[in-house]
1. PRE reach from residue 94 (point 7 Å along Cα→Cβ): which of the stretch 33-48 fall under 18 Å by backbone N?
2. Which of 170, 309, 44 ends up with the largest GNM mean-square fluctuation for the chain, with Cα atoms connected below 10 Å?
3. Quick one: what does P(r) look like for the stretch 170-286 with 10 Å bins over all Cα pairs, in whole %?
4. With N set to the number of residues, divide the alpha-carbon radius of gyration of the stretch 1-69 by 2.2 N^0.38 Å and report two decimals.
5. Please list log₁₀ I(q)/I(0) at q = 0.14, 0.21 Å⁻¹ for the stretch 257-322, using the Debye equation with identical point scatterers on the alpha-carbon positions.
6. Among 74-82, 32-40, 58-66, 134-142, what's the highest-first ranking by average C-beta atoms within 10 angstrom per residue?
7. As I understand it, the value is the acute angle between the Cα axis of helix 259-270 and the longest principal axis of the Cα atoms of the chain; what does it come to in degrees, rounded to 10?
8. In whole angstrom, how far apart do the alpha carbon centroids of the stretch 166-194 and the stretch 209-263 sit?
Ligand SMILES: NC(=O)c1ccc[n+]([C@@H]2O[C@H](COP(=O)([O-])OP(=O)(O)OC[C@H]3O[C@@H](n4cnc5c(N)ncnc54)[C@H](OP(=O)(O)O)[C@@H]3O)[C@@H](O)[C@H]2O)c1
């Protein structure tokens, strides 16, 4: 039997790249994985996306292309964050449907949950409260992505065999991360700062805030494994563990740690021997953010990569590609 033809949208990104690696590691033939760079195919261009699907006719789609960024970027470019993400999702999901794609996996984010949500965050907290204002446009786009998948399932599931699923990752780190000095997430930012402090023999590294907020981190290779796991579950199993209008699945590590402990672990992995101090004049943000990933656990998936092992690999990637 010929292997499915799989389109991975966003394959040059951290998550899309990891999904391609995972598929290849599982023996999926390279020639049955379709990719396009942003320059080759702008996913906000409806006609181009439709033409691409009509020409390639993939069987399955992993939708890991998105406009992604930190608080500063979200605050500065809110129009871009909502417009680009809505367009990418609407174009890819509708063109997939129009060209006979039955299986699609949409990648969302934990920011879909309300600001004051109970911790750990369960899937059924979706749309129960006000979102965090800084990334509301992005979160609204991601919620729309989940609802696009659900609506196509509800309208075309029985008649066309449409089976579009969604996963919501916690904070990710690993190879392919963004190490930009001002615009990166906490793990890559700490890797860069501790590395630079080690190289320059700086006696102290300042960490923003009290170090007390608790956060959860998942290695991107685990995220890719979870994505393929969810995509390949039999439909009856997926349906049994989800509802037609509450169909997304959280993907987390299952444990959190304080920012102070994260900083100590990064310092150790990088080999920085100086002092660590906390700049308590800087804001802490939400005190705890942890996914409830019990839905995914009950579907037979658990993460493999410990934080210490994952950080060591991320630091190697940083040294090879970003230092
Ligand atoms: N990283 C995390 O911690 C994290 C956490 C939770 C959820 N997620 C989700 O996971 C998904 C992937 O994130 P990521 O971290 O892998 O992001 P990423 O590294 O920035 O990758 C996103 C990819 O999408 C491509 N892209 C963006 N706009 C495009 C367009 N208009 N046309 C074609 N391609 C376009 C980008 O290409 P260019 O760079 O060339 O524009 C990039 O290759 C996102 O949906 C994100 O919300 C990530």
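Bear in mind these aren't lab numbers, they're just calculated from the coordinates by the rules spelled out. The structure presented is a predicted model; accordingly, all values stated were derived computationally and were not measured. Every residue, glycine among them, receives a Cβ derived from its backbone with ideal geometry; neighbour counts consider all protein chains shown.
1. Answer for this model: 42-48.
2. Judging by the Gaussian network model, the answer is 309.
3. 12, 35, 28, 15, 8, 2
4. That works out to 1.10 for the stretch 1-69.
5. Once normalised to I(0) and log-transformed, intensities are -0.65, -1.06.
6. Final packing ranking: 58-66, 134-142, 74-82, 32-40.
7. With rounding to tens, the tilt is 80 degrees.
8. One Cα centre to the other: 16 Å.
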